[in-house]
Amino acid sequence: MELTPDNVKNPKGVRVPMGLKDFLGDASGTFTLNILSGLVGQLTYFYTDKIGLAGAAVANVMLLGQIFDAFADLIMGTVVEHTNVRGEKYRPWLFRMVAPVLVLTIMLFTVPKGIGSGVQILYMLIVNILLNAIVVVAIEIPYGSLLVVRTDDQRERSKMGTFRAGAGIISGMIISVGIIPITNMLGGDQKAWIEFASVLAPIAALFLFICYKTSKEVITQTDTVKEEKEEEKSTFKEASVKLVQNKYWLMAFCLNFLATIIYSIQGSSGIYYAKWIYKNEDLVGIQGALGIIPIILGFVLIGPMIKKFGVTNTIKYVLFLGFISQLLRLINPYNFYYNTILGVLGGFATIPMTALMGVITAMSIDYNEFKFGKRMIGYAQSINGFGIKIGGGIGLGLIGWSLSLASYNAQATVLTEAVKQAIFAFNIYAPGIVYLLMFIIIIKFDLEKKLPRLRKESELKRNER
């Protein structure tokens, strides 16, 4: 049965719940997005070791691309809200991006040879901006909005989130486990990477099309509660000034910014460690496969941990675990088994971070209402998203800059001390420092205990107006 706005209710007026097909179709969008982000995460290694470009140049390109991406987030929200295709705002963008996903995914790896490094760098920059700052953003924002307009049933929304998380894990594992062994099996050169991308590109495009076909905008603006007061509008400048006066929002901003640095490093640095420290780059596939263990543990334990410790303390404990896991790696950074076990512990620390950073941000936005009389949700989320994208660029940049400072040569046969320390820097030192900084910040975040009282005070203020 096809789900459309007209048949969400059957002829007797009874609401038709979402079925398995609907949840799977919706999750297809996450599958596509994680295929794209997974491939982008491998670009630093591809550009340095397969194309032969300098690490600093690659780092600067990746950071510049993230800056464009960050500003695109701020712009795309307005563009989407002014879209109207047969009464739909969000779903049409998924269809529009199917062909660009197919083409640009392959173009990531078709860097022309024999034309000079300057032209190659320009090609890299243009393709990365087209894919990340236009195509991915034009999918992410509408796709995120679909969860709201697809159903107003909170249980269905929660189930959609669970299916999306599962799809993201599967597509992420395809990249982390398969890309190095498969490309090496195909020859290990640029042609092998193009062949690998040529298989994934139509799959990513197909899953995006499936998401478009199975997703419908059911809940329209007329379905919302009419009595809700429209929040007083602010200019971007006014909201920005107020937000920086909210210490909790600043802490949430910094936590999200730092967390994204860790995510970017973890998604891109392992191949260098496997190749040069373990002397076998195929081991990155084994590490990727073992990475599913902390993911499963994280999703199983996060609920009981929140129930027992609360949101803030759960994040605090896993951040401390992440810091300790990095610290212990210094004892023996060369042993594959020892470091893989510690990597599993560190991986577990990122799951509650991923799931609960949004909750921390929401708490800080609630505090805006107490402090300023309005939450400024849109501005707070937009600026926070901007910081997340910049953090991702810095995470990728740390890898390239470290390799450049160490005069990294992908064709070298001997590992120099400088390159070894550079690899340790972005695999162990930097994540450890970031975990510690986040731990210090979260200790200061005492809003969770205050919120019940603040909400009551805000409610009293609203009633007095």
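The values are calculated or read from the model by the stated rules, or taken from the named source; none is laboratory data. Given the structure is predicted, the values throughout are model-derived calculations rather than measurements. Please note: Cβ atoms are built from the backbone with ideal geometry, for glycine as well, and neighbour counts cover all protein chains shown.
The table that follows gives values for the structure above.
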read-out: Scope the stretch 113-132; condition farther than 15 Å from V61 by Cβ and modelled with pLDDT of 90 or more; matching residues; value: none
read-out: Helices (runs of 4 or more DSSP H) wholly inside the stretch 394-465 containing at least 1 residues that are modelled with pLDDT of 90 or more and among the acidic types (D, E); value: 417-424
read-out: Meets criteria (closer than 27 Å to K449 by Cα, assigned by TED's automatic domain parsing to the domain that holds I271 and surrounded by fewer than 16 Cβ atoms within 10 Å (Cβ to Cβ)) for N313; value: yes
read-out: Among the candidates A430, A406, residue that is surrounded by fewer than 24 Cβ atoms within 10 Å (Cβ to Cβ) and within 18 Å of Y334 (Cβ to Cβ); value: A406
read-out: Filtered residues of the stretch 262-318 (kept if in a helix (DSSP H, G or I), aromatic (F, W, Y) and farther than 30 Å from G387 by Cβ); value: W276
read-out: Pick from the stretch 360-382, criterion at pLDDT below 75, hydrophobic (A, V, I, L, M, F, W, C) and assigned to a helix (DSSP H, G or I), ranking: surrounded by the most Cβ atoms within 10 Å (Cβ to Cβ); value: A380
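Residues are listed down the side, and each one gets a yes or a no for (1) at pLDDT below 75; (2) aromatic (F, W, Y); (3) in contact with a helix residue (DSSP H, G or I) (Cβ under 9 Å, 6 or more places away or on another chain):
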| residue | (1), (2), (3) |
| --- | --- |
| K213 | no, no, yes |
| V225 | yes, no, no |
| E231 | yes, no, yes |
| F236 | yes, yes, yes |
| V241 | no, no, no |
| A259 | no, no, yes |
| Q266 | no, no, yes |
| A274 | no, no, yes |
| V284 | no, no, yes |
